[in-house]
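Structure record follows, encoded as structure tokens.
The values are calculated or read from the model by the stated rules, or taken from the named source; none is laboratory data. Nothing here was measured: the structure is a model prediction, and the numbers come from that model. Neighbour counts are summed over all protein chains in view; Cβ atoms, including those assigned to glycine, are modelled from backbone coordinates with ideal geometry. For the accessible areas, the whole protein counts, side chains as well, though only heavy atoms, and no ligand, DNA or RNA atoms are used. Shrake-Rupley method; radii C 1.70, N 1.55, O 1.52, S 1.80 Å.
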Amino acid sequence: MTMLPETICSYMLLAISPAIQAIFVLLITLTFSAVFYNFLYARSLKRESDFIKAHNNRLALILRSSNISVWVYNAKERKYAKLSADGETESEYTPIDFSRFYDAEDFEEMRQIIFDIRDKKKASYVMRLHTSQKDNEDRQMVELKLSVLTNDKQGNPELILGMQRPYTTERRRQNREQAEIIQYKTVFNSVLIDMTFFNEDGLLTDINQTACENFHVVDSQELIDGGCTIADTVGFDVDLNLKEPIRCTCMLDMDALAEEGRRGKGVQLGGKLYYEVMIYPIRYDSGEPLGLFMEGRNITEMVNSYHHQQETMRQLQQATSELRASIDNINMALKVAECRLMNYYPDKHELFITTDLDKPQYRLTQVRLLDVIDEADRANVKQQLMQMDRKQNKAMDIRFKTIFNTPGDSKMYVTFNAIPMYDADGTLTHYFGMGRNDTKLINTENELKAETLKAQETELLKDSFLLNMSYEIRTPLSSVLGFAELFETEHNAEDELVFVDEIKKNSNKLLNLVNDVLYISRIDANMIEVKRQPVDFALAFDSHCHMGWSTNTKPDLKTIVENPYEHLEVIIDPELTGNIIETLVHNAITFTETGSVRAKYEYRSGELNITVEDTGFGISSEDLPHLFDRFGHNREPDYGGTGLNMAIVKGLVELQNGKIDVISAPGKGTTVWVSIPCELVNMDMKKNFTA
């Protein structure tokens with residue numbers, strides 16, 4: 001009998017135990033759930049596939065419309081692969097094959113950049129390169145962007161994506177515009193002057209960092225959003241349809257603008273501000289106004305400095321006026337007192353004389369200054385100038401006679417008083433002083449001296465004679481009288497010769513003494529007149545030397561005359577000079593027993609220099625300072641003499657404005673130098689002369 005399926009199933013269910021029935025129901029439920037979820041998963045996959053397909057279609061459309069091609073580089077396999085618009089691999093290339101699509105040099109540069117991205121030296125890079133030249137086609141330039149597509153498990157770049165598109169004229173324009181915008185922004189924010197931009201309505205739209213710093217703006221965007229206008233910035237209304245650039249300077253009271261609510265939100269600068277601006281109108285190509293560009297700078301310090309300078313100038317003018325009055329007073333005082341301001345500069349050896357503070361100075365070199373000074377004072381002034389040249393730290397007081405005559409036909413006398421002047425470092429720079437015309441004062445003093453000398457001349461001669469006579473005459477006179485009285489006493493006949501010799505010796509000594517006293521008295525009384533006349537000194541010198549040592553009877557003493565001239569004609573007093581030579585030579589022979597006495601001379605620079613050297617006893621250091629004292633003791637009592645010889649020589653030398661000096665030491669002889677001023681007439685040197 002055939003049974004229906006439902007019947008069979010019912011029968012089977014009835015025959016199965018309850019546990020098995022539960023398992024069977026669970027299996028059916030799981031099967032039904034799996035079928036249901038599989039249906040949902042398939043539907044979700046279809047929906048996602050449709051979305052991806054639609055997205056890929058849109059991406060492919062973008063790539064095709066933008067003319068962008070894509071390829072990847074496999075870093076591990078070192079291969080290139082071009083991708084289709086759907087993202088599928090079209091073909092793979094080795095580096096050699098792929099290089100055929102680009103210029104060789106550009107491809108090498110691209111490979112190096114790919115290696116840098118692979119080695120993580122760069123994250124991405126944009127470059128331009130040329131494609132290879134095809135038949136009958138020019139090379140094209142493309143813009144390529146390289147970036148990492150995927151990384152391996154270690155995080156190293158695995159696939160490098162390359163997206164390229166033609167670098168067209170439009171693209172160049174866009175890049176150029178973008179570069180210009182970047183350049184504008186860079187310049188706008190980096191320049192050291194204030195830059196602001198206002199739109200066609202006069203509202204602030206941009207401000208650079210320098211302006212923010214000068215106006216103490218913390219948040220520039222807050223200022224822009226606050227509706228700051230150009231009128232608030234410059235303090236006056238500006239024509240928004242400005243045709244030409246304008247330049248102006250304005251004074252802004254920032255505190256007053258703040259009270260009026262016009263200072264600008266975020267501006268913290270206060271006080272008065274002087275601001276210089278240059279406003280440029282900006283327009284479209286069509287001529288419509290785009291806005292206003294403004295350059296500005298804070299000139300407050302400059303204006304304040306100008307005001308300070310004006311005030312300083314006013315004070316300077318006032319001081320100058322007062323100084324002018326002082327200068328006029330000084331000039332008047334200098335004129336009345338016949339004084340001059342003087343400045344001596346040791347480094348330049350120059351003297352600057354100011355006769356009037358408003359007039360140029362007179363400049364005298366040291367040589368020129370000495371030329372205008374009288375010969376009698378020239379040596380003293382020269383010594384003072386040398387001290388100033390050595391920058392001695394002391395005041396200078398110089399009085400000298402010039403070669404100029406005053407209106408009274410007398411020589412002008414000038415007194416120069418100077419003090420050292422120093423710079424900020426304490427270095428002596430020059431001597432400043434005042435020169436005064438003391439001619440009247442000096443003439444008055446000279447007249448008083450002359451009258452005094454005339455009044456004292458007779459008394460001086462008398463006193464000098466009596467003083468000298470009383471000092472030395474009594475000793476030889478007493479000897480004469482003493483030996484004469486011996487004739488009246490009891491004595492031997494042979495003693496009379498001794499008495500006579502002593503009387504004769506002391507009588508001669510007394511006579512010489514009287515002569516010397518009379519002669520030196522004439523010197524003291526200025527009764528000896530210097531008579532200068534031309535003399536051939538070469539001949540006269542030999543004669544005076546021989547006269548001086550004519551009494552030499554010492555066989556071991558040698559006399560030497562050194563005469564380097566054949567003829568030497570000079571203007572000098574021959575009698576006084578001859579007395580000097582004879583006295584010096586006689587003294588040298590008197591105090592020299594053995595050796596030599598040498599006399600020599602030479603002409604040098606307007607002076608006749610005479611030297612007498614001996615190898616005699618010499619003079620001790622104690623007696624040498626008193627050598628020229630009158631009636632000084634003889635160096636050796638056995639040699640006699642009046643003790644006035646060297647005093648007479650010194651008087652005769654000084655009478656001719658000369659100088660005398662002596663050097664000596666016991667046992668080493670004596671050397672005497674005499675220098676007498678003279679005037680050269682003619683000179684003829686001896687040939688092959690040797691001393």
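Which of (1) open to solvent by less than 40 Å² (accessible area, probe 1.4 Å); (2) assigned to a helix (DSSP H, G or I) does residue 112 not meet, given it meets every other one?
Residue 112 satisfies all of (1) open to solvent by less than 40 Å² (accessible area, probe 1.4 Å); (2) assigned to a helix (DSSP H, G or I) except (1).
Show me the strands (runs of 3 or more DSSP E) found entirely inside the range 388-445 where at least 2 residues are at pLDDT below 85, open to solvent by 70 Å² or more (accessible area, probe 1.4 Å) and out of contact with any Phe, Trp or Tyr (no Cβ under 6 Å at 6 or more places or on another chain).
On the way: elements: 396-405, 411-422, 428-437.
Output list reads 396-405, 428-437.
Matching residues to (1) touching a Phe, Trp or Tyr at 6+ places or on another chain (Cβ under 7 Å); (2) part of a helix (DSSP H, G or I); (3) open to solvent by 60 Å² or more (accessible area, probe 1.4 Å):
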| site | (1), (2), (3) |
| --- | --- |
| 97 | no, yes, no |
| 108 | no, yes, yes |
| 116 | no, yes, no |
| 126 | no, no, yes |
| 139 | no, no, yes |
| 148 | no, no, no |
| 161 | no, no, no |
| 164 | no, no, no |
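Among the residues of the range 446-476, count how many are open to solvent by 70 Å² or more (accessible area, probe 1.4 Å) and modelled with pLDDT of 75 or more.
Within the range 446-476, residues that are open to solvent by 70 Å² or more (accessible area, probe 1.4 Å) and modelled with pLDDT of 75 or more number 5.
Conditions (1) of a type in the set (Ser, Thr, Tyr); (2) part of a strand (DSSP E or B); (3) open to solvent by 20 Å² or more (accessible area, probe 1.4 Å); (4) out of contact with any helix residue (DSSP H, G or I) (no Cβ under 9 Å at 6 or more places or on another chain), marked per residue:
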position	(1), (2), (3), (4)
586	no, no, yes, no
599	no, yes, no, no
602	no, yes, yes, yes
613	no, yes, yes, no
619	no, no, no, yes
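With 52, 96 as the choices, which residue is of a type in the set (A, V, I, L, M, F, W, C) and at pLDDT 75 or above? Please lay out each step first, then the result.
Numbers: 52 fails: at pLDDT 75 or above.
Only one candidate qualifies: 96.
Could you check the range 189-222 and list, in sequence order, the residues that are closer than 25 Å to residue 283 by Cα, touching a helix residue (DSSP H, G or I) at 6+ places or on another chain (Cβ under 7 Å), part of a loop (DSSP other than H, G, I, E, B) and not small (Gly, Ala, Ser)?
191, 193, 208
Could you list all residues from the range 110-166 that are among the polar types (S, T, N, Q) and modelled with pLDDT under 85? Can you show your working first?
Step one: list which residues in the range 110-166 are among the polar types (S, T, N, Q), which gives 112, 124, 131-133, 136, 140, 147, 150-151, 154, 156, 164.
Across the range 110-166, the qualifying residues are 132, 133, 136, 140.
Would you point out which residue out of 325, 319 is open to solvent by less than 90 Å² (accessible area, probe 1.4 Å), among the aliphatic types (A, V, I, L, M) and either farther than 30 Å from residue 427 by Cβ or modelled with pLDDT under 80 (or both)? Walk me through it before giving the result.
Values: 319 fails: either farther than 30 Å from residue 427 by Cβ or modelled with pLDDT under 80 (or both).
Testing whether each residue is open to solvent by less than 90 Å² (accessible area, probe 1.4 Å), among the aliphatic types (A, V, I, L, M) and either farther than 30 Å from residue 427 by Cβ or modelled with pLDDT under 80 (or both) leaves just 325.
Considering only residues that are buried (at least 19 other Cβ atoms within 10 Å of the Cβ) and β-branched (Val, Ile, Thr), look in the range 531-582 and name the one that is farthest from the chain's Cα centre (by Cα).
Applying the filter and picking the extreme gives 559.
Given the conditions (1) open to solvent by less than 80 Å² (accessible area, probe 1.4 Å); (2) free of Cβ contacts under 8 Å to residues at least 60 places away in the same chain; (3) touching a helix residue (DSSP H, G or I) at 6+ places or on another chain (Cβ under 8 Å); (4) not aromatic (Phe, Trp, Tyr), report the number of the one that residue 378 does not fulfil.
(1)
Could you list, in sequence order, all residues of the range 491-515 that are in contact (Cβ under 8 Å) with a residue 40 or more places away in the chain and open to solvent by less than 30 Å² (accessible area, probe 1.4 Å)?
The one that is in contact (Cβ under 8 Å) with a residue 40 or more places away in the chain and open to solvent by less than 30 Å² (accessible area, probe 1.4 Å): 513.
Residue-wise test of (1) modelled with pLDDT of 85 or more; (2) open to solvent by less than 60 Å² (accessible area, probe 1.4 Å); (3) farther than 21 Å from residue 301 by Cβ.
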{"site": "191", "(1), (2), (3)": "no, yes, no"}
{"site": "229", "(1), (2), (3)": "yes, yes, yes"}
{"site": "233", "(1), (2), (3)": "no, yes, no"}
{"site": "276", "(1), (2), (3)": "yes, yes, no"}
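Which residue, of 664, 675, is surrounded by fewer than 20 Cβ atoms within 10 Å (Cβ to Cβ), at pLDDT 90 or above and closer than 20 Å to residue 598 by Cα?
Values: 664 fails: surrounded by fewer than 20 Cβ atoms within 10 Å (Cβ to Cβ).
When all the criteria are applied, what remains is 675.
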